[in-house]
Amino acid sequence: MQEPNTATPAFDLTPGSPDQLARHGDSGRREQAVRRAKDKVLRLLAAGEPAPQVDSPYLVVPILGQSNAVGDNEVQPDDMSPGTLPVHQWPGCGRRKGQILLATDPLLHEMPARGVGFGRSFGERLAADTGRPVLLVPCGRGDTSFYPKNGYSWDPADTSARVNLFTFAVTQIEGALAAAGPSARVAAFLWHQGESDVPLLAPDAYRARLESVVTGLRSRFGDAPFVLGQMVPEEIESRRAEYAGIDDVHRTLPRTVDSCAFVPGPTGMGKSPTEIIHYSRAGQRELGDRMYAAYAELSSMGESR
């Protein structure tokens with residue numbers, strides 16, 4: 001029987017270990033510089049159409065997280081049309097940043113999205129059920145984490161990141177509320193993130209940071225429901241040993257956070273057989289509907305108390 005080769009040690013796959021950081025952490029400095037230059041151009045090219053005036057106060061819905069919060073999939077012509085419901089956006093980038101725009105996909109997050117996200121589906125359900133205009137606040141960015149990565153971090157306590165996305169989101173929500181008028185209010189916070197932290201951050205540390213996001217948002221903008229979407233189920237199952245910890249944090253967060261809902265993701269709705277980390281267009285629409293159903297249930301429970 002052949003003896004194991006002890007000359008080459010096994011990889012340490014513990015979140016945050018040197019092996020994991022080497023495989024999943026920062027890109028090289030040159031790659032980051034090139035990415036920043038391309039991002040600047042894409043932000044300058046993004047535009048959007050101004051929204052019409054509304055007759056009643058906005059319900060404001062921030063969207064936070066990484067690529068599945070943003071949308072990374074196919075876009076069809078209908079997605080780029082505004083529809084008939086008063087669903088608008090406070091853009092995170094573009095030539096018309098600082099103006100309320102029509103909420104057409106792809107939404108304008110910290111970067112222009114590359115596909116359809118769940119935000120518009122959620123917003124349309126909210127507008128239809130309440131008769132109120134909805135102002136989405138897209139704040140996401142793909143491949144971002146609580147653990148500092150490529151100059152970005154979602155950790156509210158991180159003062160060293162080049163861009164603190166929690167701080168960016170707070171600024172965007174404040175701007176949206178100011179533009180929406182004194183009677184506007186935050187109706188819900190929508191969160192989808194975790195894939196990039198899977199190899200970088202231990203589950204207990206991830207939970208503490210996620211809870212600090214909820215606390216930080218609610219201390220500033222009120223106790224709106226916090227609705228958390230699941231990562232793509234097939235992606236989780238394909239790497240169960242790695243994903244299990246953060247998936248469990250997502251599933252159990254409602255036990256420690258009031259007015260919080262975990263929303264299971266739809267199965268069979270990955271972007272493609274070779275890219276199951278992202279939801280397809282149909283998957284995002286379904287996830288948006290599920291997130292709205294969870295929000296509506298939380299809201300009815302709050303009203304009954």
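The values are calculated or read from the model by the stated rules, or taken from the named source; none is laboratory data. As the structure is a prediction and not an experimental result, all values here were calculated from the model. Heads up, the Cβs are rebuilt from the backbone with ideal geometry, glycines too, and the neighbour counts pull from every protein chain shown. For accessibility, only protein heavy atoms count, side chains too; no ligands or nucleic acids. Shrake-Rupley method; radii C 1.70, N 1.55, O 1.52, S 1.80 Å.
Checking the stated criteria, Ser183 turns out to be in a loop (DSSP other than H, G, I, E, B), of a type in the set (Ser, Thr, Tyr) and touching a residue at least 12 places away in the same chain (Cβ under 8 Å). A single member of Ala188, Ala202 is in contact with a Phe, Trp or Tyr (Cβ under 9 Å, 6 or more places away or on another chain), touching a residue at least 40 places away in the same chain (Cβ under 8 Å) and either surrounded by fewer than 23 Cβ atoms within 10 Å (Cβ to Cβ) or not β-branched (Val, Ile, Thr) (or both), and it is Ala188. Reported count of residues in region 259-305, each being under 20 Å from the mean Cα position of the chain (by Cα) and assigned to a loop (DSSP other than H, G, I, E, B), is 7. Looking at this structure, is Ala46 modelled with pLDDT under 95 and open to solvent by less than 20 Å² (accessible area, probe 1.4 Å)? Answer is yes for this residue. Please verify whether Gly98 is at pLDDT 95 or above, open to solvent by less than 10 Å² (accessible area, probe 1.4 Å) and part of a loop (DSSP other than H, G, I, E, B), treating the condition exactly as stated. Taking the combined requirement at face value, the residue does not satisfy it.
Can you give me the number of residues within region 259-283 that are out of contact with any Pro (no Cβ under 9 Å at 6 or more places or on another chain), in contact (Cβ under 8 Å) with a residue 60 or more places away in the chain, crowded, with 20+ Cβ neighbours inside 10 Å and not basic (Lys, Arg)? Qualifying residue count for the region: 2. Among the residues of region 235-258, the one identified as β-branched (Val, Ile, Thr) and open to solvent by 70 Å² or more (accessible area, probe 1.4 Å) is Thr256. Within region 140-170, being open to solvent by less than 30 Å² (accessible area, probe 1.4 Å), within 20 Å of Ser219 (Cα to Cα) and among the β-branched types (Val, Ile, Thr) holds for one residue alone: Val170. Residues that are open to solvent by 30 Å² or more (accessible area, probe 1.4 Å), modelled with pLDDT under 95 and of a type in the set (D, E, K, R) occur at least once in region 68-79. It is to be established whether one or more residues within region 203-223 are modelled with pLDDT of 95 or more, not aliphatic (A, V, I, L, M) and not in a helix (DSSP H, G or I). Yes, that holds for at least one residue. Against the conditions (1) under 25 Å from Ser300 (Cα atoms); (2) open to solvent by 10 Å² or more (accessible area, probe 1.4 Å), Ile173 satisfies every one except (2). Within region 79-127, restricting attention to residues that are in contact with a strand residue (DSSP E or B) (Cβ under 6 Å, 6 or more places away or on another chain) and β-branched (Val, Ile, Thr), which residue is nearest to Pro266 (Cα to Cα)? Filtering region 79-127 for residues that are in contact with a strand residue (DSSP E or B) (Cβ under 6 Å, 6 or more places away or on another chain) and β-branched (Val, Ile, Thr), the one nearest to Pro266 (Cα to Cα) comes out as Val87. Of the residues making up region 114-130, those that are open to solvent by 10 Å² or more (accessible area, probe 1.4 Å) and either of a type in the set (Asp, Glu) or part of a loop (DSSP other than H, G, I, E, B) (or both) number 3. So which residues in region 284-299 are open to solvent by 40 Å² or more (accessible area, probe 1.4 Å) and closer than 18 Å to Met231 by Cβ, if there are any at all? Arg285, Glu286, Asp289, Arg290 - these are the residues of region 284-299 that are open to solvent by 40 Å² or more (accessible area, probe 1.4 Å) and closer than 18 Å to Met231 by Cβ.
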